[in-house]
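The values are calculated or read from the model by the stated rules, or taken from the named source; none is laboratory data. Note that the structure is a prediction, hence the values are computed from the model and not measured. Here the Cβ positions follow ideal geometry from the backbone for every residue, glycine too, while neighbour counts run over all protein chains shown.
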Amino acid sequence: MDVDKIYMCSSENMTQIADKSISLVVTSPPYNIDIQYGNKTSKGKVVESKGVKYRDKMDENTYRSMLERVFTECKRVVKDDGSIWVNIKNRLIDGVIVPPFWIQDFFQDMYLKNIIIWNFDWGGATNSRFAPRYEFIFWFVKDKNKYIFNLDDVKIPALNYRPDRYKSQMKNPTDVWRISMVSGNFEERTAHPSQYPEQLIERIILAGSNPGDIIMDPFMGSGTTAVVAKKLGRHYLGYEIVKEYCDMAQERLDRVEGQHDI
Ligand SMILES: C[S@@+](CC[C@H](N)C(=O)[O-])C[C@H]1O[C@@H](n2cnc3c(N)ncnc32)[C@H](O)[C@@H]1O
């Protein structure tokens with residue numbers, strides 16, 4: 001099986017990936033909230049771009065059937081001690097919040113280990129309610145007793161460290177993570193409308209996989225998962241249907257040492 005590739009096709013059929021070959025799936029699926037994927041936004045205006053466009057406004061049943069097919073494939077390719085991490089946020093439908101717990105419907109045959117709150121202090125503005133400043137990350141494992149979790153690799157300095165009380169100055173980062181959203185002045189920023197930060201994925205890949213493992217993202221976007229996997233000495237695989245995003249991922253991967261292919 002080839003590794004270090006992003007396939008420019010839908011992840012509904014992962015024919016290129018063998019059963020139980022992936023240690024970690026980490027992804028942020030399309031939200032079905034009419035994000036302008038395939039178009040670029042410049043100074044508040046949507047600018048038409050060339051290439052395939054992904055429609056982020058499907059009928060709800062069509063949307064969930066697509067996710068069902070993708071997540072069924074993810075479960076097929078994940079190893080017995082592997083895990084699936086899904087980043088989603090509250091959706092607004094007709095101005096009303098749809099909380100994210102519907103995602104669990106796709107993982108009834110796995111075990112939920114954590115619901116992580118990702119908190120950030122930069123994002124869209126609104127005067128009609130409090131501005132949203134968190135998203136969720138659901139962590140599912142196949143085997144509730146045997147799974148990769150390298151806690152020592154992701155511990156953070158304890159602010160209230162007392163040498164007389166604690167063995168180590170480093171502590172569990174807990175299930176609330178304060179990590180900045182990718183803002184305009186970040187070097188990693190691309191034109192993708194919903195790019196997640198490298199720092200967020202770094203913690204997940206370090207905790208949930210070992211060097212040499214394969215990390216898979218079925219909705220690769222601008223390539224963040226692949227870039228971080230490569231930086232951390234893991235292999236990557238993924239899918240993305242918009243050519244421009246595949247190109248962006250390729251450019252980002254080019255800047256990381258080593259060989260890869262799309
Ligand atoms: C939320 S974005 C992911 C962004 C990514 N995490 C990043 O940091 O750039 C979801 C992506 O899924 C892609 N997509 C939607 N449906 C897909 C499918 N069936 N197969 C593969 N990619 C798909 C969209 O084009 C979009 O780029």
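Selection of the range 50-68 for residues being closer than 13 Å to F219 by Cα and at pLDDT 90 or above yields M66, L67.
In the range 212-220 there is at least one residue that is within 26 Å of I17 (Cβ to Cβ), more than 8 Å from the ligand (Cβ to nearest atom) and free of Cβ contacts under 8 Å to residues at least 60 places away in the same chain.
All of (1) at pLDDT 95 or above; (2) within 13 Å of the ligand (Cβ to nearest atom); (3) assigned to a loop (DSSP other than H, G, I, E, B) hold for G38 with one exception: (1). What tally of residues in the range 144-168 results from selecting those that are loosely packed, with under 12 Cβ neighbours inside 10 Å, among the charged types (D, E, K, R) and within 32 Å of the chain's Cα centre (by Cα)? Going through the range 144-168 one residue at a time, the tally reaches 3.
When R203, R189, R162 are checked against the criterion of being under 25 Å from V78 (Cα atoms) and free of Cβ contacts under 8 Å to residues at least 60 places away in the same chain, a single residue qualifies: R203.
Scanning for something over 24 Å from M110 (Cβ atoms) and touching a Lys or Arg at 6+ places or on another chain (Cβ under 6 Å), does the range 205-218 turn up at least one residue? The answer is no, given that none of the residues of the range 205-218 is over 24 Å from M110 (Cβ atoms) and touching a Lys or Arg at 6+ places or on another chain (Cβ under 6 Å). Within the range 62-94, the only residue that satisfies the criterion of being of a type in the set (A, V, I, L, M, F, W, C), in a strand (DSSP E or B) and over 25 Å from F120 (Cα atoms) is V78. Note on the range 123-143: residues that are exposed (fewer than 11 other Cβ atoms within 10 Å of the Cβ) and hydrophobic (A, V, I, L, M, F, W, C) amount to 2. E198 passes every criterion in (1) on the phi > 0 side of the Ramachandran plot; (2) without any contact (Cβ under 8 Å) to a residue 60 or more places away in the chain; (3) within 10 Å of the ligand (Cβ to nearest atom) apart from (1).
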